[in-house]
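Worksheet for the structure shown next.
Computed from the coordinates by the stated procedures, all read-outs in this text should not be read as laboratory data. What you are looking at is a predicted structure, and each value in this text was computed from that prediction instead of being measured. A quick note on method: Cβ atoms are made from the backbone with ideal geometry, for glycine too, and the neighbour counts reach across all protein chains shown.
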Amino acid sequence: MGQPYLQPTDYSNYGLPAATSADWVTAATSLINSYCRRPDLNVIQYTERLRMVSGARTVLLSYLPLAPLGLAPSPLLSIEARYTKPRRGEMLASPLLDIVWAFSLPGQWTTLDVTTVDYDVNTGELTLPWSLLGLPFNEVAVTYTAGLAAIGDDVKSACAQIIRNAQATPATNASWSRVDTMYLRYFSSSLIDETVQTWLQPYVANRAG
C-alpha cells in the first residue's frame with residue numbers, strides 16, 4: 001500500500017482532530033483498498049487476461065480510471081491478443097472463412113500496437129482492431145496503469161468518515177497502542193456505510209481481485 005489517503009494537514013479540513021493517530025488513517029486506507037478490491041487507489045500497474053465475447057472487438061478492464069504513470073503517453077503499456085476457431089454455431093460457415101481458417105494459426109498470441117487500440121479512461125472499455133486475417137480476437141492480455149493521479153475529496157472524505165464511524169463504534173473504540181486493521185475489517189460492514197460506499201463506488205474494481 002502507498003501513502004495513506006489523509007495527511008495530518010488534511011485532518012481539520014475533513015472533521016478529524018489534529019491529534020488523530022496515523023494508525024487510524026492507515027487502517028481506514030486499508031479498508032478502502034479492500035472494499036475497492038484493489039491494492040491502491042493511486043496510479044499503479046495492472047495486468048489482466050480477459051476473455052472476449054465471440055465476435056466482439058471490445059473488452060472491459062477492471063480497474064478505473066485509466067491513467068498514465070508519470071510521463072508515459074498512454075495508460076496502455078502492452079497488449080497481446082489471440083483468436084481461436086469458433087465453436088460450432090458461433091460463426092456462419094462460408095467458403096471464404098474456410099480458406100481463412102486453412103491458412104491461419106489460431107491459438108497464437110499476437111502483440112498489438114497499443115496506438116491502434118481505442119480506450120475510454122472512465123469506463124475502461126478497449127476497442128481492438130481486427131487481426132490481419134480479418135478475424136476477431138477472443139482473448140486479450142493487457143498491461144496498463146490505472147488510478148488517481150491525486151487523491152480527491154471523495155476518497156479523503158470516505159477515509160475520514162470510516163475513522164469517525166470506527167471511533168463511534170463501542171466494539172472498535174478501544175485504547176490500543178496500535179489500531180488492528182484486521183480487527184476493523186471485521187466491522188467493515190458498519191464502518192463503510194452508505195455514504196462511504198457512494199464516495200468509493202467509482203473506484204470499485206469491475207471484477208473481484
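Remarks
- If the segment from Ser34 to Thr111 were pulled out straight at 0.36 nm per residue, it would be longer than the present Cα-Cα gap by 24.4 nm.
- Tensor-based shape of the range 1-71 (alpha-carbon gyration tensor, a/c under 1.5 rounded, otherwise prolate or oblate): prolate
- Nitroxide proxy distance, nm - points 7 Å out along Cα→Cβ at Leu71 and Ala22: 3.1 nm
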